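For reference, the structure is listed below as structure tokens.
The values are calculated or read from the model by the stated rules, or taken from the named source; none is laboratory data. Just so you know, these numbers come straight off a predicted model, no measurement behind them. Because the Cβ atoms are built from the backbone with ideal geometry, glycine has one as well, and the counts that use them run over all protein chains shown. What goes into the accessible areas is simple: the full protein's heavy atoms, side chains included, and nothing from ligands, DNA or RNA. Shrake-Rupley method; radii C 1.70, N 1.55, O 1.52, S 1.80 Å.
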Amino acid sequence: MTVTEKDEDAKYVDALAYALDRGINFTEIALGYGHGQALALFKQALTKSSATRNDIFITHSLYTRDLPSMDVVKEDTANFYKMMQTDYADSTLVTQSLILKFGETVIYPFLHELLKSGKTRYVSLSNASPDWIRKFRNEFDDKFIAHEGHLSFEVRALQDKGVFDVCKELGIENIIWRPLGRSKTLQRNWPLLVELASKYQKTQGEIILNWICSLGYRPMIFSTSLVHIDENISAIQFKMTSEDYARMNDFRPTDYRPAFVDWEGPNIDDDIVRLVNEFDSRTP
Ligand SMILES: NC(=O)c1ccc[n+]([C@@H]2O[C@H](COP(=O)([O-])OP(=O)(O)OC[C@H]3O[C@@H](n4cnc5c(N)ncnc54)[C@H](OP(=O)(O)O)[C@@H]3O)[C@@H](O)[C@H]2O)c1
């Protein structure tokens, strides 16, 4: 919410318009982000940029914390189309916790109806276990386009659990949230990142994003800086050796024991977010 404080609006709109003009064409928006303000700013940015609605892929996300009832879920969805002045979402995203909160018999028909009516082209899932990814795939087949999960240099719980592998196996896109650990990863100067940045004459951020892309995943990065946006795009324009990619894959912080995640539980979102945030509070 702090990122959508009024006095910063112009900065966010300019950064988003710049990213769209540079060809970044995927975004994920929840009405809960900044109480709707993030969506309003994105709409302004789209108008300002040279991109059109059909050039971009917008995922409308339904996050459990914002949605106390199915009536609010439906209201949120209707407001997305209205505020975005669009007839459709490219994908509608639910989390495992939302499915568990309202039940498969409620959420699945809701999503099927959106698909059938053309209100959404695809469906996506976030913060789900491998078993739930398989279940969702059985239900929605090739309409299930992407799973959003966390991967950063330090926090590998989803990688170790096999979340990304199961998506790859099923042909589902792996969208990576918070890939730079809100840029804190870059401030820790991990020796491997420092070494590879020096070897390839790139920044540590470029090394991380290049590694994530080498796995076939799509990092979703927040940035208000035009310099950072350029840098993040250039991260896909070089290759490292297979040995260096393997070292990136194999890295695990030695003094870090990941927090507990109840992979099949109704609070998996909270558990994963805690896992990510807890790492931040434990290390310098
Ligand atoms: N599915 C989910 O449960 C979930 C959860 C959390 C987030 N998300 C999504 O993931 C997106 C990204 O996550 P995030 O914003 O939490 O974390 P992030 O993208 O890892 O980090 C964003 C921070 O990194 C900085 N940054 C970006 N590029 C940089 C670069 N090249 N060098 C140095 N710093 C750089 C940004 O600062 P500047 O503005 O200065 O560039 C910003 O402070 C969010 O926008 C959201 O849509 C999804």
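The alpha carbons of region 81-127 occupy a box of 30, 20, 16 Å along the principal axes, longest dimension given first. Calculated from the alpha-carbon coordinates, the chain shows an Rg and a Dmax of 18.8, 54 Å respectively.
Just to confirm my numbers, what's the Cα centroid distance between region 47-122 and region 190-205 in Å? For region 47-122 versus region 190-205, the Cα centre distance is 39 Å. Taking region 196-283, which chymotrypsin sites (Phe, Trp or Tyr not before Pro) meet the DSSP loop condition and have no more than 12 other C-beta atoms within 10 Å? Counting only loop positions with at most 12 other Cβ atoms within 10 Å, the chymotrypsin sites (Phe, Trp or Tyr not before Pro) in region 196-283 are 238, 260. Working note: 222 nm ellipticity from helices only, DSSP H runs with n ≥ 4, each -39,500 (n - 2.57), summed and divided by the residues of the chain, gives -14500 deg cm²/dmol to the nearest 500. Which links in 82/184; 74/143; 43/116; 43/143 stretch past 29 Å when you go from one Cα to the other? Where the Cα-Cα span goes over 29 Å, the pairs concerned are 82/184. Computed over the alpha-carbon atoms, region 55-144 gives an Rg to Rh ratio of 0.93, Rh here being the Kirkwood radius from the mean inverse distance. Net charge in the neighbourhood of residue 230 (other residues with Cβ under 15 Å of its Cβ; Lys, Arg +1, Asp, Glu -1) is -2.
Provide the FRET efficiency to the nearest 0.05 for the residue 252-residue 200 pair, computing r from the beta carbons and using R0 = 25 Å. Taking R0 as 25 Å, the efficiency between residue 252 and residue 200 is 0.70.
Couplings for region 17-26, taken from phi via the Karplus curve 6.51 cos²θ - 1.76 cosθ + 1.60 with θ = phi - 60°, read 4, 4, 4, 5, 5, 7, x, 6, 10, 10 Hz in order; Gly and Pro are left as x. Amide hydrogen proximity for residue 122: with H placed 1.01 Å from N in the peptide plane, the residues at 5 or more positions away or on another chain lying under 5 Å are 91, 92. Along the chain, counting only GluC sites (Glu not before Pro) with a DSSP assignment other than H, G, I, E or B and at most 14 other Cβ atoms inside a 10 Å radius, the longest segment between sites is 6-263. Scanning residues 5 or more positions from residue 146 or on other chains, those with amide H under 5 Å from its amide H are 125, 173, with H placed 1.01 Å from N in the peptide plane.
Listed values for region 262-269 are Karplus-derived 3J(HN,Hα) couplings in whole Hz (6.51 cos²θ - 1.76 cosθ + 1.60, θ = phi - 60°), namely 8, 4, 9, x, x, 10, 4, 4, and x replaces Gly and Pro.
Shown for region 2-282: the carbon plus sulfur share of the solvent-accessible area, taken with all protein chains present and a 1.4 angstrom probe, equals 50%.
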